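Encoded as structure tokens, the structure appears first; notes follow it.
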Amino acid sequence: MTTLQVDNRSQLQLFYDGDSHSAYEFMGAHPTTVDGDPCVVFRVWAPNAIYVSVVGDFNKWNDGANPMTRIKGGGVWECYIKDVTQYDAYRYCVESSWNQKAYKSDPYGFHFETRPNNASLYYDIDGYKWTDKRWYAKRGKTKYTQAPMNIYEIHAGSWKIHPDGNRYSYKQLAESLIPYIKEMGYTHIEFMPITEYPFDGSWGYQVTGYFAPTSRYGTPHDFMEFVNECHKNDIGVIIDWVPAHFPKDDFALAKFDGTCCYEYADTRKGEHKEWGTLVFDYSRYEVISFLMSSAIFWADKYHIDGIRMDAVASMLYLDYNRPDGEWVANKYGGKEHLEAVEFLQRLNDTIHRLYPDFLMIAEESTAWPKVSGAVKDGGLGFDFKWNMGWMNDMLNYMSLDPMYKPFNHDALTFSFYYAFSENFLLPISHDEVVYGKGSLINKMPGSYEEKFAQVRAFMAYMMIHPGKKLTFMGSEIGQFDEWNATKELQWNLLSYDKHKELNYFYKTINNFYKNTPALYEVDDSWEGFHWIHHNDYTQSVIAFCRIAKNGDRIIGVCNFQPAQREEYCIGVPDAGTYAEVLNTDDKQFGGTGITNGDKIKSFPSDIHDYENAIKLTLPPLSVMYFKCIKKAPKKRTTTKKTTVKKTTAKKTTTKNIEDKSLEVKAEPKATARKTAEKTTATKAKTAEEVKVEVKAEPKATARKTAEKTTATKAKTAEEVKVEVKAEPKATA
């Protein structure tokens, strides 16, 4: 693990300069000694207060017992108190310049009372014995753009609940969640915010304790133990972190000393009215030190492996969710929030300097360029960006009645053309299964059986699509009800065959993904992907290859219509024997059992710009993976044979007519397409792509294939649109 670098400036000066990435070592409450006597030192930033004191269990909440003094006349106050014990509750009594007192919790507190109480609790977080060196050694050698990443997003309070209504503790989650994650084949757990928050209905997105795991589920050391156990089981831990806004609760950060310390004073920049929250002042150095230290704190003290940063789009744009007249432009007259951009770049640079293998993931829903680009190249410096365009397109496509899918075929294919413009993560998160949107399985049209078939097909499509993966808890058991944060998942569904079979499918495909380099090694380049065909819109079928660094290929064939396709021909790169290595219609997954087996012989055919083809049966609403398990030996040629070959080549026109007869069933009106090579992937356009066919695609226009060199310019309507995040409003 990388050691935090030392700066010659004092901790206090680093804090004032906005350069502190470990302010938590100085600010807040810490054990120390004075003249050999043990005590606790308290420090808090309240630059405009006229009086500050510490009140708590140790002085019977007397605001005159332990007054604080300014350090060197600055904005930080300090005092030393004896006889403070673990779990003692305390607050800061902060008196404003107009003599109004407010009792504030500690912005740097390590532990808090459980809601509805909200005082800080003194807690010495040092002393936990970590045993995850092996995990750190493994993490340090992992290049995550080339590694499998399949994240299970969880809300800790509703994954499971005890019959008496009590939530599982961190220790109980370690006992039950970790074995489940390991068995299911996920690589990471991502917690919705576990930083302390007062309002259950916010799901943790309105944070009041940026340096404390919520006490709802246990102590700081309990959470450390959970992370340690995850690492011992080769499971990474990611947390949701919220630097975009904070609630107005009067006991917390809002108007901390009677004035706007942490938030912008101008409400046109400093408030999200729809969310009922305040916006951090990214121009203020002390706030920058606070936020940078919070992010790095979780890597340093809790061994967290990554952060998913919430609502990045709301930070990037000054007009985010604000009508005209209620936002203020930047100094150039634009809507870009330059101070927030600088903060994000600085944070990502700093955390990657200190922890090069730490993951920074952006939930960003717009077309802002280079979100995952290097800061030195003008990017924001994140490791991954959520692909919200893919998510919106695909969930809409899957929800369509089959008769409308041919007219929306571009929703199925368009994401491939900008797939390498960023390092993308494909998210099916909590936001997609609340507020009337329906659970994943309930988004699917059709009969009961067809809903299950389409979930399996969607997940198999998602797994072979370029990009890392994230799914929210409950989708793997086929929960029909929307997620409800007050209730546990409907685990009783696993007593029914269809749900049990779906759960087994998730387990199988998760492990297949994790053990198949072609599906994850080259997620960020055209070198890892190749179209076989994408224009059979009339039958809603696509086929393509994913390619590992060593050249191994997995072919994916997707049929999104409730119709079986017989003798469906696709071109293949190698002559030989192919095997069906995964089929969502397998009986063990709850399918009908239609299969192509493991002895699929290729035959010569000029189709899809290949010299060989295989003939398949495509089950309804299915996705299948194929692999060449035995390549045919290459034929030796001589000069004489070459002459013969050229002669026969002249006859291929006749043969192609015969081959086309095979295609009539599979791809009516489709023509052979040129292979998309690395440097010319976007230049190839066939007549079929250019032509607008009235029967198949009324009012649709052809899209150009995105070139590798211009992939970052691809914008979907979903990307361009700034998505208003669904977050419950804060309560007072």
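Bear in mind that the values in this text are calculations on the coordinates, not laboratory data. Here the structure is a predicted model, which means the values were calculated and not measured. With ideal geometry, Cβ positions are generated from the backbone for all residues, glycine too; neighbour counts draw on all protein chains shown.
For Gly576, nonlocal amide neighbours, meaning residues 5 or more places apart or on other chains whose placed amide H falls under 5 Å from its own, are Ser602, Ala632.
As a calculated quantity, the FRET efficiency between Tyr87 and Ile50 at R0 = 22 Å, using C-beta atoms, amounts to about 0.10.
For the peptides 190-198, 343-351, 585-593, the ranking by mean Cβ contacts within 10 Å, running from highest to lowest, is 190-198, 343-351, 585-593.
To the nearest Å, what is the center-to-center distance of segment 470-498 and segment 42-75, using C-alpha atoms only? About 49 Å separates the Cα centre of segment 470-498 from the one of segment 42-75. Geometric descriptor of segment 19-121, per residue, is 118 Å³ (volume of the convex hull of the Cα atoms).
Relative to the Cα centre, the charge distribution of segment 283-410, modelled as +1 at Lys and Arg Cβ and -1 at Asp and Glu Cβ, gives a dipole magnitude of about 240 debye. The stretch between Asn330 and Glu274 holds 18.0 nm of extra length on full extension. This uses 0.36 nm per residue minus the Cα-Cα distance.
The angle between the Cα long axis of helix 338-354 and the longest principal axis of the Cα atoms of the chain comes to about 90 degrees, rounded to the nearest 10.
Shown in residue order for segment 52-61 are the 3J(HN,Hα) couplings computed by the Karplus curve 6.51 cos²θ - 1.76 cosθ + 1.60 at θ = phi - 60°: 9, 9, 9, 10, x, 4, 6, 10, 6, 6 Hz (x for Gly and Pro).
Would you mind checking the tilt of helix 448-464 against the longest principal axis of the Cα atoms of the chain, expressed as 0 to 90 degrees and rounded to 10? Between helix and principal axis, roughly 80 degrees. When DSSP beta bridges are restricted to pairs lying wholly in the chain, around 70% turn out antiparallel. Taking 8 Å as the Cα distance limit and 6 or more residues as the minimum spacing, I'd like the relative contact order of segment 19-121 as a percentage. Worked out over segment 19-121, it gives 25 percent.
Only helices enter this figure: runs of n ≥ 4 DSSP H residues, each worth -39500 (n - 2.57), summed and divided by the residues of the chain, yield -7500 deg cm²/dmol at 222 nm to the nearest 500. Full extension of the chain between Ser283 and Lys487 gives 69.3 nm of extra length, using 0.36 nm per residue less the Cα-Cα distance. On a C-alpha basis, how far is the centre of segment 101-139 from the centre of segment 273-342 in Å? Whole number, if you could? Between the Cα centres of segment 101-139 and segment 273-342 lies a distance of 23 Å. Using 1/(1 + (r/R0)^6) with R0 = 25 angstrom and r between the beta carbons of Lys630 and Tyr136, what's the FRET efficiency to the nearest 0.05? Here the calculated transfer efficiency is 0.05. Taken as Cα centroids, segment 235-250 and segment 390-445 sit 27 Å apart, rounded to the nearest whole angstrom.
Could you compute how fast the chain diffuses translationally, taking Rh as the Kirkwood radius over C-alpha pairs and applying Stokes-Einstein at 37 °C with viscosity 0.692 mPa s? Give it in µm² per second. Write down the numbers at each step before the final one.
On the way: Rh = 28.0 Å.
For the chosen part, D equals 117 µm²/s.
Remark: segment 19-121 carries a charge dipole of roughly 320 debye about the Cα centre, counting +1 on each Lys and Arg Cβ and -1 on each Asp and Glu Cβ.
Given R0 = 22 Å, the distance between the Cβ atoms of Ser399 and Tyr435 translates into a calculated FRET efficiency of 0.90. Taking Cα atoms, how many degrees apart are the long axis of helix 285-300 and the longest axis of the chain, rounded to 10 and kept between 0 and 90? In the chain, helix 285-300 runs at an angle near 60 degrees to the longest axis.
In plain terms, the chain from Leu494 to Phe603 could stretch by 34.9 nm, reckoned as 0.36 nm per residue minus the Cα-Cα distance. What is the count of Lys pairs in segment 19-121 whose alpha carbons sit under 21 Å apart, if the two are 8 or more places apart or on different chains? The result is 4. Which aspartates and glutamates, on any chain, are close to Lys587 with Cα under 20 Å apart, when same-chain ones fewer than 8 places away are left out? The qualifying aspartates and glutamates are Glu449, Glu450, Glu476, Asp497, Glu501, Glu566, Asp598. The number of Lys pairs in segment 299-440 with C-alpha atoms less than 21 Å apart, excluding pairs fewer than 8 positions apart on the same chain, is 4.
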